[in-house]
Amino acid sequence: MREHEFSLGQLCVTRRAARAFPRNFIVQCLVRHSNGDWGELCSEDKIANEKSVIMGMQILSAYTFQGSKLWIVTEWDNSATTVLLPEEY
């Protein structure tokens, strides 16, 4: 259990991400993101995310499926979380 929880807010998935990844993979990644499993980030970025949860800043997670990268970004105010491809950021 995480010491600091955060809301995902409104969920958005870009068309390109929805086409590139199976729906169940996207859902699994959203669950991991919301539970503080930041995926394939370096340790410095994972620490930054932990601080971001506490301080109310943007949170980023990265996951890979069959060689393709997926990003999940929760806005600083937890109003929205977007699932997208890195090149869409």
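General remarks:
- Dipole axis of region 1-71 (+1 Lys, Arg; -1 Asp, Glu on Cβ), positive-most option in VAL13, HIS33, ASN49: VAL13
- For the chain, dividing the convex hull volume of the Cα atoms by the residue count gives 92 Å³ per residue.
- Cα centroid separation, region 1-57 to region 70-85 (Å): 7
- Rounded to the nearest Hz, the phi-derived 3J(HN,Hα) couplings of region 10-15 under the Karplus curve 6.51 cos²θ - 1.76 cosθ + 1.60 (θ = phi - 60°) are 6, 8, 10, 10, 5, 4, where x marks glycine and proline.
- Percent of beta bridges antiparallel (DSSP, the chain, rounded to nearest 5): 70
- Spin-label model, GLU87/ASN24: points 7 Å from Cα along the beta carbon direction are separated by 2.8 nm.
- Helical runs assigned H by DSSP (4 residues or longer) give the chain a calculated mean residue ellipticity at 222 nm of -10500 deg cm²/dmol, each run adding -39500 (n - 2.57) before division by the residue total.
Every number in this text was worked out from the coordinates using simple rules, so none of it is lab data. Quick caveat: nothing in here was measured; it's all calculated off a predicted structure. So basically every Cβ, Gly included, is an ideal-geometry build from the backbone, and we count neighbours across all protein chains shown.
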